[in-house]
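Reading through the C-alpha cells given below for one structure.
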Amino acid sequence: MKSENISHLLTGEHTHNIIHLAEDQTISIQKALKQGERIKCLSGLLWITAADFKGDIFLNENKDVEMHGAKHIVITALKASSFTYEQTMT
C-alpha cells in the first residue's frame with residue numbers, strides 16, 4: 001500500500017485539482033478542514049476516516065462530503081479513484 005501526505009496540495013491555489021489514486025493507495029491530509037471545504041469523489045470508491053470525526057465515510061462517484069473540523073484525514077482508494085478538494089461558497 002502506497003501512502004503519501006498531500007496537505008501541500010490543499011492550499012487555495014490548488015483547490016479543484018484532480019487527485020488520482022490507484023487501488024489500495026492511501027493519502028493523508030494533515031490539516032483541519034474548515035466549514036465549506038469538501039472532498040468530492042469523481043470516480044471509483046474512497047474510504048475516508050479522520051481524527052475528531054465520528055465514523056468512517058465511503059464515497060463513490062459524484063458524491064461529496066463536508067468534514068468541518070476533521071483533522072488528519074486518511075483517504076484510501078478501494079478501487080482506482082479520483083477526487084477533488086473544493087472550497088464551496090457559503
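Here, each number is a calculation from the coordinates, and none is a lab measurement. Because the structure is predicted, anything quoted here is derived from the model rather than measured.
If I take every Cα pair under 8 Å that is 6 or more residues apart in region 33-90, average their sequence separation and divide by the length, what percent do I get for the relative contact order? Spell out each step's value before the answer.
Details: 140 pairs, mean separation 28.5, N = 58.
It rounds to 49 percent for region 33-90.
Stretched out fully, how many nm does the piece from N17 to T49 gain, at 0.36 nm a residue minus the Cα gap? Mind dumping the intermediate values first?
Working: separation 32, 0.36 × 32 = 11.52 nm, distance 2.10 nm.
Between N17 and T49, full extension yields 9.4 nm more.
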